[in-house]
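The values are calculated or read from the model by the stated rules, or taken from the named source; none is laboratory data. Note that this is a predicted model, so its numbers are computed, not measured. Cβ coordinates were reconstructed from backbone atoms using ideal geometry, including for glycine residues, and neighbour counts include every protein chain displayed.
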Amino acid sequence: MAAQIEVNASPPSNETGYRSFKLGEFEFTRDEYFARVSWPANGKKMTHVISADSFLRMMMRDVAWGFFYGQVNFDAVFGTTNLYGQVEVYAGRTNPGYRDQGLDYSEIFDTPQIMATFKAILDDWTNEGFDPFAAPAETGRAWLGKKNGHNRAAIERQRAVCERMPGLPGDAPLRSDENGYPINRAFLDVSQDEPEVHAEPGFEDEVSAFSLFKYLSRSDVTWNPSVSSVCKASLCCPTTEEYILPIKHGNDRVEWFIQLTDEIEWEVEDKETGKPRAKVIMKAGDVASMPADIRHQGFSKKRAMLLVWENATVGLPDRYTSGELKPYPIDF
Ligand SMILES: [Fe+2]
């Protein structure tokens, strides 16, 4: 049985109703409008302020993605780096304005410890009616003042885990109106036809196909890549995107994007310094390879479908940081 992990939390504040949290030397507090992260540097206490709605959207992704591949920058100051088994939490480390003056700080935690703490923050700071996974137009506001209930159904949402393939007997049913996945308002024009499958007799429960466009048209969350197929180290992660990717993702391997519908604008920066590197506008059908040494943030004015393709080969981050592999996939 897993040991209970202790989370360092204060009692609810008399003033706002929110708890404060400590993780190592980091402190997390929230009030009606803002989340604040504090850390020690140069004998001082540094404090960084983030709007509470943004902070909860960022925290939701970090938790749901299991800290993902590489960096999850909440913004230009605070973030996490996945060390796969442990997670480094940093403030100012990827921002020369802080780092060059010695005002940065980082600390490494075992993954279960930071996961328990981040989940507790998300649970306490998310009020009734706000879903940090949803597009802003499809949820209530994060900052309804003082602490007001919970939205555990949203923040504890579990992914449907495929045992075989969606639609095959023994697996989760395909998304439909009946099981709570209506077509999203942005995808009303997406064909709902499923492909015809003509299996040889005896193979009816082994051969299957489904329309990925129909499946994604019924996605109820944004910026949450789900693995849809695994072939050795090749992970296909299709997702639907609307408004702003809440975090700036810093890659630790080359990541491929295939724009399936609509349009997403990407701001691409240097991973270590945040210096602007490129603006990429991806339209339906475009394919991009995002290098291993960048961070990026996406902007989607209308809900769009994006296929994210990740290479899960063990040991890749070290092969990029050592220079064995170039940060881009091909020399032209
Ligand atoms: Fe990325």
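Output yes when any residue across the stretch 64-84 is under 26 Å from Val314 (Cα atoms), away from the ligand (no atom under 16 Å from the Cβ) and part of a helix (DSSP H, G or I), and no when none is. No, because not a single residue in the stretch 64-84 is under 26 Å from Val314 (Cα atoms), away from the ligand (no atom under 16 Å from the Cβ) and part of a helix (DSSP H, G or I).
Of the strands (runs of 3 or more DSSP E) lying entirely inside the stretch 164-280, those carrying at least 3 residues that are surrounded by 16 or more Cβ atoms within 10 Å (Cβ to Cβ) are 234-244, 248-250, 255-259, 263-270.
Of the numbered criteria (1) away from the ligand (no atom under 16 Å from the Cβ); (2) at pLDDT below 90; (3) of a type in the set (S, T, N, Q), the one Ser226 fails is (1).
Would you say Arg295 is at pLDDT 95 or above, of a type in the set (D, E, K, R) and touching a His at 6+ places or on another chain (Cβ under 8 Å)? Judged against the criteria, Arg295 is a match. Condition first: closer than 15 Å to Asp75 by Cβ and within 12 Å of the ligand (Cβ to nearest atom). Now tell me which residues in the stretch 268-297 satisfy that. Within the stretch 268-297, Glu269, Lys271, Arg295, His296, Gln297 qualify.
Please determine, by comparing only the residues of the stretch 281-312 that are outside any strand (DSSP E or B) and within 20 Å of the chain's Cα centre (by Cα), which one is surrounded by the fewest Cβ atoms within 10 Å (Cβ to Cβ).
Kept after step one, since they are outside any strand (DSSP E or B), are these residues of the stretch 281-312: 284-286, 291-293, 312.
From what is left, the residues that are within 20 Å of the chain's Cα centre (by Cα) are 291-293, 312.
Numbers: Pro291: 20, Ala292: 24, Asp293: 18, Ala312: 13.
Within the stretch 281-312, the match that is surrounded by the fewest Cβ atoms within 10 Å (Cβ to Cβ) is Ala312.
Answer yes or no: is there a residue in the stretch 48-58 that is within 16 Å of the ligand (Cβ to nearest atom) and of a type in the set (A, V, I, L, M). Don't jump to the end; show me each part of the working.
Taking the stretch 48-58 and keeping what is within 16 Å of the ligand (Cβ to nearest atom), we get 58.
Filter again for of a type in the set (A, V, I, L, M), leaving 58.
Yes, that holds for at least one residue.
Give the residues of the stretch 151-173 that are within 23 Å of Tyr243 (Cβ to Cβ) and not charged (D, E, K, R), sorted by residue number. Scanning the stretch 151-173 gives Asn151, Ala153, Ala154, Ile155.
Restricted to the stretch 45-63, and to residues there that are hydrophobic (A, V, I, L, M, F, W, C) and in a strand (DSSP E or B), the residue that is surrounded by the fewest Cβ atoms within 10 Å (Cβ to Cβ) is Val49.
One residue is enough: does the stretch 233-250 have a residue meeting the conditions of a type in the set (Ser, Thr, Tyr), out of contact with any helix residue (DSSP H, G or I) (no Cβ under 6 Å at 6 or more places or on another chain) and away from the ligand (no atom under 15 Å from the Cβ)? Walk me through it before giving the result.
Here is the first cut: in the stretch 233-250, the residues of a type in the set (Ser, Thr, Tyr) are 234, 239-240, 243.
Restricting the remaining residues to those that are out of contact with any helix residue (DSSP H, G or I) (no Cβ under 6 Å at 6 or more places or on another chain) gives 234, 239.
Subset that is away from the ligand (no atom under 15 Å from the Cβ): 234.
There is at least one residue in the stretch 233-250 that is of a type in the set (Ser, Thr, Tyr), out of contact with any helix residue (DSSP H, G or I) (no Cβ under 6 Å at 6 or more places or on another chain) and away from the ligand (no atom under 15 Å from the Cβ).
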